[in-house]
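Student: Before anything else, here's the structure in question.
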Amino acid sequence: MIKKFDLFIEEHHLSCVKKEVSLKLLTTVKCGGEADYLIDPDSYDELSKIFEFICRNNIHYKIIGNGSNILVSDLGFPGIVISLKNFPYLIELHGGKLSVAAHIECAYLQKKCILEGLSGLEFLSGIPGTMGGIIAMNAGAFGHDVDSALDSIKTVTHEGKIVRIQAENMEFSYRKTKLPFEKFIITEGTFNVQKKNMQEVKELCDSYISQRKSKNLWLALTFGSTFKNGADYYAGELVEKCGLKGYSIGDAQISKSHANFIINNGDASSKDVYLLIRKMKDEVRKKFGINLELEVKLWGDFSYAGK
Ligand SMILES: Cc1cc2nc3c(=O)[nH]c(=O)nc-3n(C[C@H](O)[C@H](O)[C@H](O)COP(=O)(O)OP(=O)(O)OC[C@H]3O[C@@H](n4cnc5c(N)ncnc54)[C@H](O)[C@@H]3O)c2cc1C
């Protein structure tokens, strides 16, 4: 399959393809190996053509935003990683609807919203993702998830078609979404916003940011919450009750301030992090009989970490 992709690259003179690219620096936890290929197309034409080829040939692929919810195996990811970072810039307001390109970082969008006095997305302040990643994960904080503010998305489908989908057809639930088709790339999100006083928007964003900073996890190398919360429990509380706050394996450590966060203290391998994830899961299952569900996405093979 990969040979076929090499031929495809040559045939179409694709300059947006790089081989054997380290993913370590493309994730916020800063560990993990290489992807066979990283592609960063700069137009719908290029993306549609490549994505249709990948899907038609069943080539293993992933889409990366800011890498803030991903743990890549030390052995890397055997396949193609697609990034939209070179896609055209778009932040455009029409009436009460704000359209934003998927690769725009949430922090950048927040600054724009403050400058323009646009309210509705303040609760996302401090989430270190791109808007594409935020929609795909149905990310949220402070009692709101992004689906509550989403009008629609633009997406490239497995057939290379560009399709707009209304939020109500996206089957959002806690930290996930499902589209009418299995394989898709979000290229744009349109959000409902309201015009407000600039100072009011800024104050709300600032208050969310300072609540995050007070938890001491602001500059840490991490992927945020390791596990999803349940209907009647907080994953971090269960891990804490197992006495695991501060517990470490190699240079990976369960945060002393938030037991659902794993921190890379500088030189952790993905294996260290993975073993810590397993330890948290095992201890919680033993003590409470609860099977924690991962929020972080694991990329590649982790069987080398052993049983
Ligand atoms: C310090 C810290 C704090 C965090 N706080 C929160 C929080 O409060 N709330 C919360 O919900 N999350 C939080 N997170 C987790 C993370 O930031 C979110 O999940 C975010 O939405 C991920 O965005 P990303 O661009 O980094 O996506 P990535 O990590 O790159 O990807 C995440 C998933 O989305 C998919 N994806 C990314 N872009 C696209 C696209 N364009 N089309 C289709 N699929 C795509 C990827 O394939 C992957 O499955 C936190 C993380 C950190 C490190």
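Student: Here is a list of conditions, (1) within 10 Å of the ligand (Cβ to nearest atom); (2) in a loop (DSSP other than H, G, I, E, B); (3) under 30 Å from Leu276 (Cα atoms), and Lys178 meets all of them except one; can you say which number that is?
Tutor: Only one criterion in (1) within 10 Å of the ligand (Cβ to nearest atom); (2) in a loop (DSSP other than H, G, I, E, B); (3) under 30 Å from Leu276 (Cα atoms) is unmet by Lys178, namely (1).
Student: Name the pairs: first residue in the stretch 100-120 and of a type outside the set (S, T, N, Q) and within 11 Å of the ligand (Cβ to nearest atom), second residue modelled with pLDDT of 95 or more and assigned to a helix (DSSP H, G or I), Cβ to Cβ under 7 Å, at least 6 apart or on different chains?
Tutor: Ala102/Met131; Ala102/Gly132; His103/Gly132; Ile104/Met131; Cys106/Leu124; Cys106/Met131; Cys106/Ile134
Student: State all residues of the stretch 90-127 that are within 29 Å of Cys31 (Cα to Cα), in a loop (DSSP other than H, G, I, E, B) and touching a strand residue (DSSP E or B) at 6+ places or on another chain (Cβ under 6 Å); if no residue qualifies, say none.
Tutor: Ala102, His103
Student: Those residues that are within 12 Å of the ligand (Cβ to nearest atom) and touching a Leu at 6+ places or on another chain (Cβ under 8 Å), I need them from the stretch 131-164; list them, please.
Tutor: Across the stretch 131-164, the qualifying residues are Met131, Gly132, Ile134, Ile135, Ala139, Gly140, Ala141, Val146, Thr155, Val156.
Student: Can you find a residue in the stretch 148-161 that is surrounded by fewer than 19 Cβ atoms within 10 Å (Cβ to Cβ), on the phi > 0 side of the Ramachandran plot and free of Cβ contacts under 8 Å to residues at least 12 places away in the same chain?
Tutor: no
Student: With more than 9 Å from the ligand (Cβ to nearest atom), closer than 18 Å to Gly224 by Cβ and not hydroxyl-bearing (Ser, Thr, Tyr) as the only criterion, which of Lys49, Lys30 stands out? Let's see the steps before the verdict.
Tutor: Details: Lys49 fails: closer than 18 Å to Gly224 by Cβ.
The match here is Lys30.
Student: Taking the criterion of being over 13 Å from Phe191 (Cβ atoms) and either touching a His at 6+ places or on another chain (Cβ under 6 Å) or at pLDDT 95 or above (or both), would at least one residue in the stretch 92-104 satisfy it? If you could, list the steps in order and put the result at the bottom.
Tutor: To start, the set of residues in the stretch 92-104 that are over 13 Å from Phe191 (Cβ atoms) comprises 103.
Of the ones still in play, those that are also either touching a His at 6+ places or on another chain (Cβ under 6 Å) or at pLDDT 95 or above (or both) are 103.
Yes: one or more hits.
Student: Quick one: in the stretch 280-300, of everything that is of a type in the set (Val, Ile, Thr) and within 21 Å of Gly246 (Cα to Cα), which residue is farthest from the chain's Cα centre (by Cα)? Steps first, please.
Tutor: Just the residues of the stretch 280-300 that are of a type in the set (Val, Ile, Thr), to begin with: 284, 290, 296.
Imposing the further condition that a residue be within 21 Å of Gly246 (Cα to Cα) reduces the set to 284, 296.
Working: Val284: 25, Val296: 8 Å.
Checking each candidate, the answer is Val284.
Student: May I pose another question? Can you list residue pairs whose Cβ atoms sit under 7 Å apart, with the first residue in the stretch 61-81 being within 6 Å of the ligand (Cβ to nearest atom) and the second being polar (S, T, N, Q) and part of a strand (DSSP E or B)? Count only pairs 6 or more apart in sequence or on different chains.
Tutor: Partner pairs satisfying both residue conditions: Ile64/Ser83; Gly65/Thr130; Asn66/Thr130.
Student: Any residue at all in the stretch 53-76 that is surrounded by fewer than 16 Cβ atoms within 10 Å (Cβ to Cβ) and of a type in the set (S, T, N, Q)?
Tutor: Scanning the stretch 53-76 turns up at least one residue that is surrounded by fewer than 16 Cβ atoms within 10 Å (Cβ to Cβ) and of a type in the set (S, T, N, Q).
Student: A further question follows. Return a yes/no flag: does the stretch 235-258 have any residue that is hydrophobic (A, V, I, L, M, F, W, C), within 30 Å of Glu34 (Cβ to Cβ) and more than 16 Å from the ligand (Cβ to nearest atom).
Tutor: Quick first cut of the stretch 235-258, residues hydrophobic (A, V, I, L, M, F, W, C) only: 235, 238-239, 242, 244, 249, 252, 254.
So of that shortlist, the ones also within 30 Å of Glu34 (Cβ to Cβ) come out as 249, 252, 254.
Cutting the leftovers down to more than 16 Å from the ligand (Cβ to nearest atom) gives us 249.
The answer is yes; a qualifying residue exists.
Student: Further question on the same structure: Is it true that some residue in the stretch 239-259 is part of a helix (DSSP H, G or I), among the hydroxyl-bearing types (Ser, Thr, Tyr) and not assigned by TED's automatic domain parsing to the domain that holds Phe123?
Tutor: Quick first cut of the stretch 239-259, residues part of a helix (DSSP H, G or I) only: 239-241.
Cutting the leftovers down to among the hydroxyl-bearing types (Ser, Thr, Tyr) gives us none.
Checked against the condition, which is being part of a helix (DSSP H, G or I), among the hydroxyl-bearing types (Ser, Thr, Tyr) and not assigned by TED's automatic domain parsing to the domain that holds Phe123, the stretch 239-259 yields no hits at all.
Student: To continue, here is another question. Can you tell me how many residues within the stretch 121-130 are more than 7 Å from the ligand (Cβ to nearest atom) and either aliphatic (A, V, I, L, M) or within 19 Å of Tyr89 (Cβ to Cβ) (or both)?
Tutor: Summing the residues that are more than 7 Å from the ligand (Cβ to nearest atom) and either aliphatic (A, V, I, L, M) or within 19 Å of Tyr89 (Cβ to Cβ) (or both) in the stretch 121-130 gives 2.
Student: Turning to a different aspect of this structure: Is the stretch 198-211 home to any residue that is modelled with pLDDT under 95 and assigned to a loop (DSSP other than H, G, I, E, B)?
Tutor: no
The values are calculated or read from the model by the stated rules, or taken from the named source; none is laboratory data. Owing to the predicted nature of the structure, the values given are computational and were not obtained by experimental measurement. A quick note on method: Cβ atoms are made from the backbone with ideal geometry, for glycine too, and the neighbour counts reach across all protein chains shown.
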